[in-house]
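**Student:** One structure, pasted below without further comment.
The values are calculated or read from the model by the stated rules, or taken from the named source; none is laboratory data. In this text the structure is predicted, and so the values were computed from the model without any measurement. Cβ: placed from backbone, ideal geometry, glycine included. Neighbour counts: every protein chain shown. Just the protein is used for accessible areas: all its heavy atoms, side chains included, with ligands, DNA and RNA removed. Shrake-Rupley method; radii C 1.70, N 1.55, O 1.52, S 1.80 Å.
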Amino acid sequence: MPGANWQHPEGPDSSIADRDDHPVVHIAYEDAFAYAAWAGKELPNETEWEFAARGGLDGAAYAWGDSPALNGRVMANTWQGRFPWENLALDGYEGTSPVDAFPPNGYGLYDMIGNVWEWTASFFTPTRAGNIKQSCCGTSELGHNNPRRVVKGGSHLCAPNFCLRYRPAARQGEAVDTSTCHIGVRCTVRM
């Protein structure tokens, strides 16, 4: 949407009023990095992010276990239905959700899966042969003029028929200048 930014997430006529409990979106990597530094925090690297997302369930497919739902309950804000034509919104949300709308993981962290992708400090390198990156947001060639960082967690736009990226192990590379309605940030504090 032309004119969308972190203060106007759906375009110039929208606002963040009444969204204090939603994740910030439309921030590029540099924005996320600058915010973390300003707040006296850091962006997690990919390994740290995945460890936190698993919440102690090492090896499980999802942050809550091995099934996409737990006892029939949707556990994260993702796309339910056939992407991009049909969002059944079984989780109650078509866009972002409040950060505590779903249960926390085993470490007490909310929304490590779904809602919005989260920037990490790690540079993206392909995990398969060749220079082509497959992404739920499109395919693009990796190049030196387009540095990428790893984003983790999937988003409200991830659907099982399209990308199935709302798992702790899933990763995606995004250009550092990417700013969308489904990429946000989570900071860490070093002890």
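**Student:** Which members of region 40-51 meet the condition of being surrounded by fewer than 19 Cβ atoms within 10 Å (Cβ to Cβ) and either over 21 Å from VAL151 (Cβ atoms) or under 18 Å from the mean Cα position of the chain (by Cα) (or both)?
**Tutor:** Hits for region 40-51 are GLY40, GLU42, ASN45, GLU46, THR47, GLU48, PHE51.
**Student:** Any idea how many residues of region 56-85 are without any contact (Cβ under 8 Å) to a residue 12 or more places away in the chain and open to solvent by 60 Å² or more (accessible area, probe 1.4 Å)?
**Tutor:** Within region 56-85, residues that are without any contact (Cβ under 8 Å) to a residue 12 or more places away in the chain and open to solvent by 60 Å² or more (accessible area, probe 1.4 Å) number 8.
**Student:** Are there any pairs with C-beta distances below 6 angstrom linking a residue in region 98-111 that is under 15 Å from LEU70 (Cβ atoms) and surrounded by fewer than 18 Cβ atoms within 10 Å (Cβ to Cβ) to a residue that is at pLDDT 95 or above and small (Gly, Ala, Ser), with the two at least 6 apart or on different chains, and if so which?
**Tutor:** GLY106/GLY55; GLY106/GLY56
**Student:** Which of the residues belonging to region 35-81 are touching an Asp or Glu at 6+ places or on another chain (Cβ under 7 Å) and in a strand (DSSP E or B)?
**Tutor:** Hit for region 35-81 is VAL74, nothing else.
**Student:** To continue, here is another question. When you go through SER122, SER140 one by one, which is the residue that is hydroxyl-bearing (Ser, Thr, Tyr), at pLDDT 95 or above, surrounded by 14 or more Cβ atoms within 10 Å (Cβ to Cβ) and touching a Lys or Arg at 6+ places or on another chain (Cβ under 9 Å)?
**Tutor:** Result: SER122 is the single residue among SER122, SER140 that is hydroxyl-bearing (Ser, Thr, Tyr), at pLDDT 95 or above, surrounded by 14 or more Cβ atoms within 10 Å (Cβ to Cβ) and touching a Lys or Arg at 6+ places or on another chain (Cβ under 9 Å).
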